[in-house]
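Just below is one structure, and these are the notes that go with it.
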Amino acid sequence: MSSAAIIRKKPNFVSTTNACKLCTPLGASLAFRGVEGAIPFLHGSQGCATYMRRYIISHFREPVDIASSALGEKQAIYGGGPNLKKGILNVMKKYEPALVGIATTCLTETIGDDVPRALLEFKNEFGDLDLPETVYVNTPSYSGTHMDGWHGAVRSLVTQLCTGKTPDNGRVNILPSLVSCEDVRHLFDICRDFGIKATILPDISETLDGPALEDYVRIPTGGTPISEIKEMSGARATIEFGRCMPPQSGGTSLEDRFGVPNHRIGLPMGLRESDRFFETLEDVSGTPMPRRYELERGRLVDAYVDGHKYIFGKRAVVYGEEDLVVGLTAFLSEIGVDVVLAGTGARRKGLSEAIARVTDGVARIAPEVREGVDFHDIAAEAGTLAPDLLVGHSKGYRYAKEWNVPLVRVGFPIHDRFGGQRTPTLGYKGALTLFDRVVNAVLEKKQSDSPIGYGYL
Amino acid sequence: MTETTTILEERKDQIHLTGQGAIDIACNRESLAGAVSQRACVFCGSRVVLYPIADALHLVHGPIGCAVYTWDIRGSLSSGPMLHRLSFSTDLQETDVIFGGEKKLEAALIELIDRHHPNAAFVYSTCIVGIIGDDVEAVCRRVGEQKGIPVLPVQSEGFKGNKRAGYEAACKAMFKLVGTGDVGDVPPVSVNILGDFNLAGEIWIIRDYLERMGVQVVANITGDGRVADIRRCHGAALNLVQCSGATMELAKMMEEQYGTPFERVSYLGIEDMAESLYKVADFFKDKDPGIVERTQKLVKEELERLMPELARYRKDLEGKKVAMYVGGSFKAFSLVKAFRHLGMKVVMVGSQTGTKEDYAELEQITDPGTVIIDDANPLELSHFIKEKDVDVFVGGVKERPIAYKLGVGFCDHNHERKEALEGFVGMLNFAREIHSSAMSPVWRFAPRRANRIAAEKKEAVNE
Ligand code: SF4
Ligand code: SF4
């Protein structure tokens, strides 16, 4: 089917059914959780924090504390500043955090609370105490998604903590976006093998995937050290993942203020996007690719060859966060899967351009690209698109079930399977894991649909 | 309770030890700013009560999060329509916040009603709707008239209180349905089941018991609920109200307006289940003299089946220690008794929404030294889990990771469970679940046990 043949009206509903995005402060909370000694703090009413905790916990299966200023009716009318200050004091007493990461919510954005001013007053009033660092980010959910919250929090951490030029320290900053804990661990390994000292911000590898403990800790160990964030201005480069990121980001802030070169590349998913990442690492480190990764790359190509026939021409619907969708589409189109629809709940992210770029030269059809979609919109089109496969987080399950096609679970949240936080997706190794999973999903379906029950496939 | 680092000064009067002076727990207060509370908002309370009404449209008016976090979060099984399992939102955007969301709400309602043909629609107000001042009521009235179905606003702005206030808002919305249906064919021996949400098919178990007793169920409120049933539920002779909080308000309103009496019941655990059925039998024995005997027979049959199986589990579980943290404290009463049947010791009881009277009653039925706690947060929970060396922790999804982090068995007794834990058969499921937690070999590898085992070994060698 040629791309020109697909002329379909984009659905345009007023209501939203089964949203394909999450709210902004959730992303900020996740990012703050990746800073050492930090506790996320939502300035708003209690319900939001409780809901988000529950949502995050069901994916990571880890304790996730998110404090709240717990505004009531009075504060909603007279302003939440006093509750914010009181809340920080209480959090200090109870958690002894090194950092309080404050994200606003729809309520406090709507009533127009001035968080920076409240924080300034707080510092003046309680300057005699041993105060934690405070970092704030504006996260109204009525203009953005959890990814905006994530990127906003990362930028806030960088701009509010890294305020002066530090001497060159030869480090490399990596802003990995929202990836799995296993992915972050893998990034550390890769950097180590390249001889790179990396500051990965945020680092959720331990804070959201920690070991069993004898004693409960208020704030889990791990996370990006605050001292390292403060010295990001001395790094030799920043690498940030995301082709659909806002123009102003953590990386651009370091570049604009301190001249740290910013390499903005796509999430290293699949062979070609991973190549770009490894090339960037070679560039910034001056070290050629270690043999270990040559081998990983070779194994990936070998697997692509071994498995290509099983999946060639299969039609996939991909959905989720904008950059994850780009990365998955890059990967799927290079293995011969036709992405028929690529959708995200976010708006105005330049998804079409990004997808055109990463599928250039490999995709046989140009996917329908949709921003601002919910699952109802996707379903409305999927009937005619007739997918063989869904790829995305676990909220697409009801549709996979309805259409009797496999769902390959990638991203956040995975609420109906075990181990989502440990799923590798990045680099050659991640691509190999994804490839195995996609091929096996297709094989499993074929096997279970077959009356014969082949023993070899 | 001198560990001030764990227990914030201001929270001290929300924790009590059974046997230590008069109980005076300060509950139902607003969550403390900065404390990480497990407590939810008004909207959450309304949503959980109304959610299981399966042929109604549930539209969340607000920004996306509030709707997204409540999409499909509970089992709430339906034997028919499943409209409730879709998550509808007006997904307010910046312009709506500035210029008001009424137009969008109206258009969304009309669109969704035309698409799904529900028998009623509930429109939930979330926090910012309360701030931007949308006249939700007027929109609902207009659309209701236009579409010819009840369109009911639920005043559930999150910041206006806690979950309990949300229960009330839900009851008020539902009450507008009550009395609008024909009760001509409702028999005299009939009840409504209030406060069961059919998380894992429980309401079908209870209905089966009642039917075997000869009692007809008019409306499930709200598990596997239907709009038409609620509209005529005022025809029932009796309301059975489970749980202390969620639907009590509706029962009270119905008593006042329609004179429908209510009984508080519990389907958790053996005594409570049997007692609840006997209460029903007692209520109807003048109208239907055979009912008492039928009920006795039913209970006898069920127990004969249950007890031998239960004994097998009890053998293993005898003496194990359990802590619980549940939504409503009424549930806690039943659980305390249920654990007694398993030979287990309850060392901590916490609740999100208990009242003073609830806590006083809890003190009565627990052993001295049991910790009673209102609106606990993770640090407090973990503190007591460790201090009391708990074997099994019963709580909701938010508590599970704390228990698991510390290597303690866990049983989900809140909203996300997939096993029916009510009725006699539910007691067996419950025992099985507790058993599979407490008896798993994995706890020995968890540090708190592994280190102890290692220390004991060392001692043995030294002796
Ligand atoms: S009010 Fe805003 S921040 Fe709170 S849950 Fe709803 S969308 Fe998220
Ligand atoms: S507190 Fe308000 S904004 Fe937050 S989830 Fe509840 S209703 Fe929504």
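The values are calculated or read from the model by the stated rules, or taken from the named source; none is laboratory data. Only a predicted model underlies this, so the values are computations on that prediction, with no experimental measurement involved. Every residue, glycine as well, gets a Cβ built from its backbone with ideal geometry; the counts of neighbours run over all protein chains shown. In case anyone asks, the SASA skips ligands and DNA or RNA and just uses the protein heavy atoms, side chains included. Shrake-Rupley method; radii C 1.70, N 1.55, O 1.52, S 1.80 Å.
Things worth noting here:
- Of B:Lys163/B:Lys300; A:Lys21/B:Lys418; B:Lys287/B:Lys356; A:Lys123/B:Lys356; B:Lys405/B:Lys458, those spanning more than 32 Å from alpha-carbon to alpha-carbon: B:Lys163/B:Lys300; B:Lys287/B:Lys356; A:Lys123/B:Lys356
- In degrees, nearest ten, helix B:270-284 long axis to first principal axis of chain B (Cα): 40
- Sorting the segments B:60-71, B:81-92, A:219-230 by their residues' average number of neighbouring beta-carbon atoms within 10 angstrom, most packed first, yields B:60-71, B:81-92, A:219-230.
- Here region A:24-161 carries DSSP beta bridges of which approximately 0% are antiparallel, counting only pairs with both residues inside.
- A P(r) calculated from all alpha carbon pairs of the protein assembly as shown, with 20 Å bins opening at zero, reads 14, 44, 35, 7, 0 percent.
- Taking region A:181-224 and a reference point 7 angstrom along Cα→Cβ of B:Lys458, the backbone N atoms nearer than 18 Å belong to A:214-215.
- For region A:308-449, average projected area of the Cα convex hull in nm²: 8.0
- The protein assembly as shown - charge dipole about Cα centre, Lys and Arg +1 at Cβ, Asp and Glu -1, debye rounded to 20: 1240
- Bridges between two residues of the protein assembly as shown, per DSSP, are antiparallel at a rate of about 10%.
- Label separation (A:Glu353 vs B:Arg212): 6.9 nm, computed from points 7 Å beyond Cα along the C-beta direction.
- Residue by residue along A:67-76, Cβ atoms of other protein chains within 10 Å of the local Cβ number 6 on average.
- Accessible area buried between chains A and B, both sides summed, probe 1.4 Å, in Å² to nearest 100: 5900
- Taking every lysine pair in region A:308-449 that is 8 or more places apart or spans two chains, those with Cα atoms closer than 20 Å amount to 8.
- Amide H contacts of B:Leu152 (H built 1.01 Å from N, in plane; Pro and chain starts excluded): B:Ala121, B:Phe122, B:Val123 sit under 5 Å, all sequence-distant by 5 or more or on other chains.
- Computed over region B:246-285, the convex hull of the alpha-carbon atoms projects to a mean area of 3.1 nm².
- Partner chain coverage, peptide A:144-153 - average Cβ within 10 angstrom: 1
- Reduced Cα scattering model of chain B, Debye log10 I(q)/I(0), q = 0.07, 0.11 Å⁻¹: -0.39, -0.92
- Sequentially through region B:150-160, phi angles give Karplus couplings (6.51, -1.76, 1.60; θ = phi - 60°) of x, 10, 10, x, 10, 7, 10, 3, x, 6, 7 Hz, Gly and Pro residues having no value and appearing as x.
- For region A:361-420, chymotrypsin sites (Phe, Trp or Tyr not before Pro) meeting the loop criterion (DSSP other than H, G, I, E, B) and having at most 14 other Cβ atoms within 10 Å: A:Phe418.
- What chain A shows is 37 Å² of accessible area per residue, with the surface traced by a 1.4 Å probe over protein heavy atoms.
- Extending 7 Å from the Cα toward the beta-carbon at both A:Val217 and A:Thr166 defines two label points whose distance is 2.1 nm.
- For region B:190-301, the Cβ-based charge dipole about the Cα centre amounts to some 260 debye (Lys, Arg positive; Asp, Glu negative; other atoms uncharged).
- Amide H to amide H, with H built 1.01 Å from N, B:Phe410 comes under 5 Å of B:Phe393, counting only residues 5 or more places away or on other chains.
- One Cα centroid belongs to region A:306-358, the other to region B:168-237; the line between them spans 48 Å.
- Beta bridges from DSSP with both residues in chain B: antiparallel share about 10 percent, rounded to the nearest 5.
- In this Cβ point-charge picture (+1 for Lys and Arg, -1 for Asp and Glu), chain B has a dipole of about 1040 debye about its Cα centre.
- 3J(HN,Hα) from dihedral phi, region B:51-58, Karplus parametrisation 6.51/-1.76/1.60, rounded to Hz, x for glycine, proline: 3, x, 5, 7, 9, 9, 8, 10
- Compared with the dominant Cα axis of chain B, that is its longest principal axis, helix B:202-213 is turned about 80°.
- Candidate aspartates and glutamates for bridging to B:Lys297, where Cα separation is under 18 Å - those fewer than 8 sequence places away on the same chain excluded: B:Asp208, B:Glu211, B:Glu271, B:Asp272, B:Glu275, B:Asp282, B:Asp288
- Charge dipole (region B:42-175, unit charges on Cβ, about Cα centre) - positive-most of B:Gly62, B:Gly166, B:Ala108: B:Gly166
- Once the mean of 1/r is taken over each pair of separate Cα atoms and inverted, region B:190-301 shows a Kirkwood hydrodynamic radius of 13.9 Å.
- Fraction of alpha-carbon pairs over 18 Å apart in region B:308-462 - percent: 57
- For the peptide B:76-86, the mean number of other protein chain Cβ atoms found within 10 angstrom of a residue's Cβ is 1.
- Along each principal axis, Cα extent of region A:14-161, largest first, Å: 50, 34, 27
- Segments A:86-93, A:67-74, B:389-396 sorted - mean Cβ within 10 Å per residue, highest first: A:67-74, B:389-396, A:86-93
- By the rule of a C-alpha distance below 16 Å, with chain neighbours fewer than 8 residues away ignored, the lysines paired with B:Lys320 are B:Lys337, B:Lys345, B:Lys386, B:Lys388.
- Amide proton proximity set for B:Ala40, modelled H, under 5 Å, gap of 5+: B:Lys163
- Sulfur and carbon atoms: percent of accessible area, chain A [1.4 Å]: 50
- Part-to-part distance (alpha-carbon centres) for region A:213-275 and region B:96-135, which is given in Å: 40
- Shielded residues, region A:81-122 - accessible-area loss of 30 Å² or more between chain alone and all protein chains, probe 1.4 Å: A:Lys86, A:Asn90, A:Lys93, A:Lys94, A:Tyr95, A:Cys106, A:Leu107, A:Thr110
- Note on chain A: Kirkwood hydrodynamic radius from all Cα pairs is 22.9 Å, rounded to one decimal.
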